[in-house]
Structures are given as C-alpha cells and as structure tokens.
Amino acid sequence: MDFATLPLLPPVDDVYITLGTTMAVAGSQAAFRAVDYDAVMATARAARAAGATRCGVVTAMGADPNSRIFYNRVKGEVERDLAGLGFSTLVIARPSLLMGERRSLHQAARPAETLSLKLFTWLNPVIPASYRARPGADVARALVHAVQTRPDGLHVLTGSDLQPF
C-alpha cells in the first residue's frame with residue numbers, strides 16, 4: 001500500500017496503529033523509516049482528518065528521538081511527532097520483545113529472535129515485568145483498554161502495563 005496517497009477515511013473516533021517492520025525485512029534504513037515513521041504518520045494524519053481524537057500506537061522499549069541507535073531514534077521521532085498532531089488522548093505502548101507467529105505475515109525466519117523468544121519464555125518468571133516478552137494479543141488488549149479508559153493526555157505503557165488483565 002502506498003501510504004503517501006491514503007484515501008480519505010470514513011469518520012472515526014479512535015485510531016490504533018501497529019505498523020512496523022524490521023531492518024532485515026525492510027532491507028535499508030530508508031525502507032525501514034518509510035514504514036515505521038512515514039506510514040505511521042500518514043495513518044495518524046488521515047485518522048485526524050477523519051475526526052479521530054484518540055490514538056493508540058505501538059512503538060518499542062527504548063524509543064528516544066535522540067538515540068544513537070537508528071531503530072530507537074525512529075521510534076522516538078514518531079512518538080514525538082504523533083504528540084504534535086493534536087489527539088486529545090495519545091497512548092504509546094512500548095513493549096520489549098513481541099511474541100507471536102510471524103510466518104502468517106510472510107516474514108523471513110529470524111534465528112536470533114527465535115532464540116531470544118525461547119530464552120525470554122523460559123526466563124519470563126524471573127525477568128522484571130518491564131522487560132518481559134509479551135504476546136502481541138496482550139499488547140493489543142492493553143492498548144485498546146488504555147485508549148478507551150484513560151483521561152485526555154499522553155500515556156506511555158511500559159512492559160509492566162502490558163500484562164494481561
């Protein structure tokens with residue numbers, strides 16, 4: 001999909017943005033940025049134009065617009081710029097490692113991530129809650145719940161906020 005030319009959206013109240021890729025899948029920093037920044041911002045702008053007042057977005061632990069790490073810097077830049085779009089409520093979910101099936105998304109195998117997920121699954125009981133790997137479904141439920149129940153303002157959900165409830 002070409003996010004630079006999104007069609008007009010129907011009237012909406014809330015928008016949930018979970019777009020993201022990896023450097024390995026994207027193939028370059030420019031391609032990564034096109035998804036994790038440009039597509040996210042285009043979606044948010046289209047939703048604001050359609051009337052959305054509340055936004056929930058998934059970024060990543062370590063997001064920081066001033067980071068020397070490209071991945072974290074892009075995630076931080078999108079958080080910063082989403083905050084400037086005028087949503088009355090902006091909820092940012094910053095999970096550690098996301099657990100879930102990726103083959104159905106036609107993503108290439110990522111051996112290091114597969115190993116990390118196995119280790120995280122085994123070690124999760126002793127890892128501090130903020131650093132635990134989370135199933136994507138848990139993150140989605142926490143994000144929807146926060147967008148629908150939190151008061152106006154900016155809210156950041158860290159790993160411990162993304163536990164099942």
Amide H contacts under 5 Å for residue 99, restricted to residues at least 5 apart in sequence or on another chain and with H modeled in the peptide plane, are 134, 136
Order by accessible surface, 1.4 Å probe, largest leading, for residues 53, 21 comes to 53, 21
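The values are calculated or read from the model by the stated rules, or taken from the named source; none is laboratory data. Note that this is a predicted model, so its numbers are computed, not measured. Calculation scope for accessible area: heavy atoms of the full protein, side chains included, ligands and nucleic acids excluded. Shrake-Rupley method; radii C 1.70, N 1.55, O 1.52, S 1.80 Å.
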